[in-house]
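The values are calculated or read from the model by the stated rules, or taken from the named source; none is laboratory data. Bear in mind that the values here come from a model prediction, so they are computed numbers and not experimental data. Methodologically, a virtual Cβ is constructed for each residue, glycine included, from the backbone with ideal geometry; neighbour enumeration extends over all protein chains shown.
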Amino acid sequence: MTHKSLVTVGLMCSVVILVSGQEPNERGIFTPAQAAAGRAKYEKTCGRCHTLTLMGREGKPEERPPVSSLSEADQQFINSFGGRVPPLAGEVFLQRWGSKTAAELVARFQDAKFSFREAGLTDDEGIVEITAYVFQVNGARAGTQRLTRATDAIVSSETSNLGSPSVR
Ligand code: HEC
């Protein structure tokens, strides 16, 4: 191949990479239905401790639900970490999880399945749905693909980098 045709091939490859690089956000990696189901489950499980805004706890009075409204077991767990619960949205969360894959996040969330028992939930799909909801609050757009335990998209390629999560 001549030098010139190599350069042409190289240019064409970069165009393909640029175009396909934008695709995931257009398509989304979870469906609106998954995020909606995830929200309902989140609020009964993780949300008890990680709060309804997903911003975690630092012991501030405005955090919802109030610690005093939780079960004895939940209160003890939170108190054993000095009343602090890490956020599942926003800058601090994305610094920790942005470079990981969606599948790794689902796997980590699976460890928190203990909180399903108290909420009277049993299904495993709930963890995937909760992950979809967490993506949505972190600014990711829903699409037609379903999130699965094998979704290998990088978290930060889906979330917005604004660091201002919102629960609507
Ligand atoms: C009873 C309170 C409680 C419940 C319910 C709970 N968590 Fe947590 N979670 C904590 C506390 C406290 C920590 C910090 C200590 C630790 O890492 O174990 C934590 C840590 C985490 C972390 C690590 C954060 C990081 O950035 O490394 C993740 C992820 C997480 N929880 C997700 C969840 C998910 C998802 C659910 C629901 C399925 C959930 N948690 C339910 C209290 C809770």
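Listed here are the residues, each with its yes/no results for (1) farther than 15 Å from R48 by Cα; (2) of a type in the set (D, E).
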residue: V67; (1), (2): no, no
residue: N79; (1), (2): no, no
residue: R84; (1), (2): no, no
residue: Q95; (1), (2): yes, no
residue: K113; (1), (2): no, no
residue: E118; (1), (2): no, yes
residue: T131; (1), (2): yes, no
residue: T144; (1), (2): yes, no
residue: S157; (1), (2): yes, no
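Quick one: is P165 in contact with a helix residue (DSSP H, G or I) (Cβ under 7 Å, 6 or more places away or on another chain) and buried (at least 18 other Cβ atoms within 10 Å of the Cβ)? Lay out the reasoning, then the answer.
Details: in contact with a helix residue (DSSP H, G or I) (Cβ under 7 Å, 6 or more places away or on another chain): yes; buried (at least 18 other Cβ atoms within 10 Å of the Cβ): yes.
Answer is yes for this residue.
Contact map, the range 90-118: first residue without any contact (Cβ under 8 Å) to a residue 60 or more places away in the chain and hydrophobic (A, V, I, L, M, F, W, C), second residue more than 8 Å from the ligand (Cβ to nearest atom) and in a helix (DSSP H, G or I), Cβ cut-off under 7 Å, separation 6 or more or different chains; pairs are W97/V155; L105/V155; V106/V128. Against the definition (modelled with pLDDT of 95 or more, within 16 Å of the ligand (Cβ to nearest atom) and among the acidic types (D, E)), how does E58 come out, yes or no? Against the criterion (modelled with pLDDT of 95 or more, within 16 Å of the ligand (Cβ to nearest atom) and among the acidic types (D, E)), E58 qualifies.
Can you name every residue in the range 61-94 that is under 22 Å from S166 (Cβ atoms) and within 9 Å of the ligand (Cβ to nearest atom)? If you could, list the steps in order and put the result at the bottom.
Just the residues of the range 61-94 that are under 22 Å from S166 (Cβ atoms), to begin with: 61-66, 85-94.
Within the range 61-94, V85, P86, P87, L88, V92, F93 qualify.
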